[in-house]
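The next block holds one structure in the form of structure tokens; read it before the comments.
The values are calculated or read from the model by the stated rules, or taken from the named source; none is laboratory data. All of these numbers come straight from a predicted model, not from anything done at the bench. Quick reminder, even Gly has a Cβ in these numbers, built from the backbone with ideal geometry, and neighbours come from all protein chains shown.
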Amino acid sequence: MARRPPSKPVEAPVEPKPPRDWFLPVRLVLWFVRPFVKFSLIILLISTALVSIYKWVNPPLTYYMYVEFNRLGVIRKDWRDLEDMSIYIPLAVAAAEDANFCDHNGFDFDAIETAIEGGSGRGASTISQQVAKNVFLWPGRSWARKGLETGITVLIESLWSKRRIMEVYLNVVEFDEGVFGVDAAIGMHFGYSPENFRVADAARLAVVLPNPKERAAGNLSGSLKRRASGIAIGATTLRDEGRADCFLPKASP
């Protein structure tokens, strides 16, 4: 009987190596940032809706007003349309706070550069940025708040006119402790109507803005009175040079 040749051992089949996923790092990054993108889009939609509404509707209350009401027990606030106040009020406030208001799109980069060189951020915030902070955000210096302020400032400048920005600012900014808006401030410190406000008194009102909790328009120190005189000169200069045309009423033909 012939002997059968020895059988060869059966080798296990070699499985092919899976193809290398070159896009795996990209997918991991997308998976990580997707929640932040969604959150940012939600914030953008909410911000756009609120900014659009406040283009036509006067802000009834701000977060800072609410905080001050809880702290003081009472606040004073009244709304005054821009056309119902003396032109010297917005002129003085622009001269004191943002002389390039009509020339920038929300950010005064020259002022920012000057503030950085001087080692301080004071004086670099525009009226548009202050509206974004006062109306839509909260006080503070965190990076998150600053980022939101930047985005909302862009929206405000895109959707509102300069007149509307100035009008809202003059009605929500604090002029004394717990006193918001020019109408409430004038009623507290002066004895005549905002329609007839003189440039000197408008300057006295504007000079308190950097520190309204420690300054009062009706009781200025000697140095603040001198500063107010400079603001009055700046206000008339803005008017005469046409650098306030974006928020002043157009002259009748």
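Looking at V29, V33, which one is loosely packed, with under 11 Cβ neighbours inside 10 Å, on the phi < 0 side of the Ramachandran plot and either modelled with pLDDT under 80 or out of contact with any Asp or Glu (no Cβ under 9 Å at 6 or more places or on another chain) (or both)? Spell out the reasoning first.
Numbers: V33 fails: loosely packed, with under 11 Cβ neighbours inside 10 Å.
The match here is V29.
If you take the residues of the range 217-240 that are touching a Lys or Arg at 6+ places or on another chain (Cβ under 9 Å) and in a loop (DSSP other than H, G, I, E, B), which of them is nearest to E174 (Cα to Cα)?
Taking the range 217-240 as the starting set, the residues that turn out to be touching a Lys or Arg at 6+ places or on another chain (Cβ under 9 Å) are 217-218, 220-221, 224-225, 228, 231-232, 237.
If we keep only those that are in a loop (DSSP other than H, G, I, E, B) as well, we get 217-218, 220-221.
Working: A217: 12, G218: 15, L220: 16, S221: 19 Å.
Only one residue fits best here, namely A217.
Which condition breaks for D78 when tested against (1) at pLDDT 90 or above; (2) charged (D, E, K, R); (3) surrounded by fewer than 17 Cβ atoms within 10 Å (Cβ to Cβ)?
(1)
Does W79 qualify as being more than 19 Å from H189 (Cα to Cα), part of a loop (DSSP other than H, G, I, E, B) and of a type in the set (A, V, I, L, M, F, W, C)?
On the way: more than 19 Å from H189 (Cα to Cα): no; part of a loop (DSSP other than H, G, I, E, B): yes; of a type in the set (A, V, I, L, M, F, W, C): yes.
So W79 does not fit the description; no.
Are there any pairs, at least 6 apart or on different chains, whose C-beta atoms fall under 6 Å, with the first in the range 185-201 and more than 13 Å from I87 (Cα to Cα) and the second in a loop (DSSP other than H, G, I, E, B), and if so, which?
Sorted first by the residue in the range 185-201, then by its partner, the pairs are H189/A217; H189/G218.
Please identify the pairs in which a residue from the range 127-140 that is within 11 Å of Y63 (Cβ to Cβ) has its Cβ atom under 7 Å from the Cβ atom of a residue that is assigned to a loop (DSSP other than H, G, I, E, B), counting only partners at least 6 apart or on another chain.
Going by the 7 Å Cβ cut-off, the qualifying pairs are N134/T62; N134/V173; V135/P59; V135/T62.
Take the residues in the range 140-171 that are crowded, with 21+ Cβ neighbours inside 10 Å and among the β-branched types (V, I, T); name whichever of them is nearest to A184 (Cα to Cα).
The extreme case among them is V168.
Report yes if some residue within the range 150-159 is in contact (Cβ under 8 Å) with a residue 60 or more places away in the chain, out of contact with any strand residue (DSSP E or B) (no Cβ under 8 Å at 6 or more places or on another chain) and among the charged types (D, E, K, R); otherwise report no. Step through it out loud before you land on a result.
In the first step, residues of the range 150-159 are kept if they are in contact (Cβ under 8 Å) with a residue 60 or more places away in the chain; the result is 151-152, 155-156, 159.
Subset that is out of contact with any strand residue (DSSP E or B) (no Cβ under 8 Å at 6 or more places or on another chain): 151-152, 155-156, 159.
Subsequent filtering for residues that are among the charged types (D, E, K, R) retains none.
Scanning the range 150-159 turns up no residue that is in contact (Cβ under 8 Å) with a residue 60 or more places away in the chain, out of contact with any strand residue (DSSP E or B) (no Cβ under 8 Å at 6 or more places or on another chain) and among the charged types (D, E, K, R).
Could you please find all residues in the range 191-216 being more than 13 Å from V179 (Cα to Cα) and in a loop (DSSP other than H, G, I, E, B)? Outline the logic, then answer.
Pass one, the range 191-216, residues more than 13 Å from V179 (Cα to Cα): 191-204, 206-207, 210.
The answer is G191, Y192, S193, F197, R198, V207, P210.
Could you list, in sequence order, all residues of the range 96-108 that are under 14 Å from Y169 (Cα atoms) and modelled with pLDDT of 90 or more? Step through it out loud before you land on a result.
Taking the range 96-108 first, the residues under 14 Å from Y169 (Cα atoms) are 96-98, 101, 106.
Selection gives A96, E97, D98, F101.
For (1) at pLDDT 90 or above; (2) outside any helix (DSSP H, G or I), each residue gets a yes or a no:
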{"position": "E11", "(1), (2)": "no, yes"}
{"position": "K17", "(1), (2)": "no, yes"}
{"position": "V37", "(1), (2)": "no, no"}
{"position": "S52", "(1), (2)": "yes, no"}
{"position": "Y64", "(1), (2)": "yes, no"}
{"position": "N70", "(1), (2)": "yes, no"}
{"position": "V74", "(1), (2)": "yes, yes"}
